[in-house]
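Colleague: If you scroll down you'll find the structure; I have some questions about it.
Throughout, read-outs are computed from the coordinates displayed, never taken from laboratory work. Because the structure is a prediction, the values reported are computed rather than measured. Backbone-built Cβ (ideal geometry, glycine too); neighbour counts: all protein chains shown.
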Amino acid sequence: MAYNNKPKPDDRSDNVEKLQSMIHHTIENMEAAEESMAYTDSETQRQQIEAKNQRRRESIESFRSEIKDEANANNSQE
């Protein structure tokens with residue numbers, strides 16, 4: 001029984017757009033979390049929100065680094 005499963009070709013043409021969208025949504029989530037801190041009296045929740053937003057900031061930096069890598073890869077292929 002022969003299988004004809006071939007991997008899909010590596011199409012990275014829209015990675016930059018996807019990464020930019022991920023940055024946009026992450027920033028929106030950070031802003032919503034900041035707003036929610038105004039409605040809590042729990043110090044534990046505040047600390048959790050601040051920790052999560054810090055992780056989000058780190059993710060945004062990683063996304064931006066990936067965008068630079070993708071831009072360099074796209075430029076070198078041309």
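Colleague: For the chain, what does the helix formula give at 222 nm: sum of -39500 (n - 2.57) over DSSP H segments with n ≥ 4, over the residue count, nearest 500 deg cm²/dmol?
Modeller: Per the formula, -27000 deg cm²/dmol.
Colleague: Then there is this: What nm distance separates the two modelled labels at N15 and R46, each placed 7 Å from Cα along Cα→Cβ?
Modeller: 4.1
Colleague: While we're on this one: For the chain, compute Rh as the Kirkwood radius over C-alpha pairs and then the Stokes-Einstein diffusion coefficient at 10 °C and 1.306 mPa s; write the answer in µm²/s, rounded to an integer.
Modeller: Taking Rh from Cα pairs, D becomes 103 µm²/s.
Colleague: Compute the signed sum of charges (Lys and Arg +1, Asp and Glu -1) over the other residues within less than 14 Å, Cβ to Cβ, of N15.
Modeller: Local net charge: -3.
Colleague: Another question about this same structure. Projected onto the charge dipole of the chain (+1 at Lys/Arg Cβ, -1 at Asp/Glu Cβ, origin at the Cα centre), which of Q20, Y3, I49 gives the Cα projection farthest towards the positive end?
Modeller: Y3
Colleague: What do you get for chymotrypsin sites (Phe, Trp or Tyr not before Pro) in the chain restricted to DSSP loop and a cutoff of at most 14 other Cβ within 10 Å of the site's Cβ?
Modeller: Taking the chain and a limit of 14 other Cβ atoms within 10 Å, the loop chymotrypsin sites (Phe, Trp or Tyr not before Pro) found are Y3, Y39.
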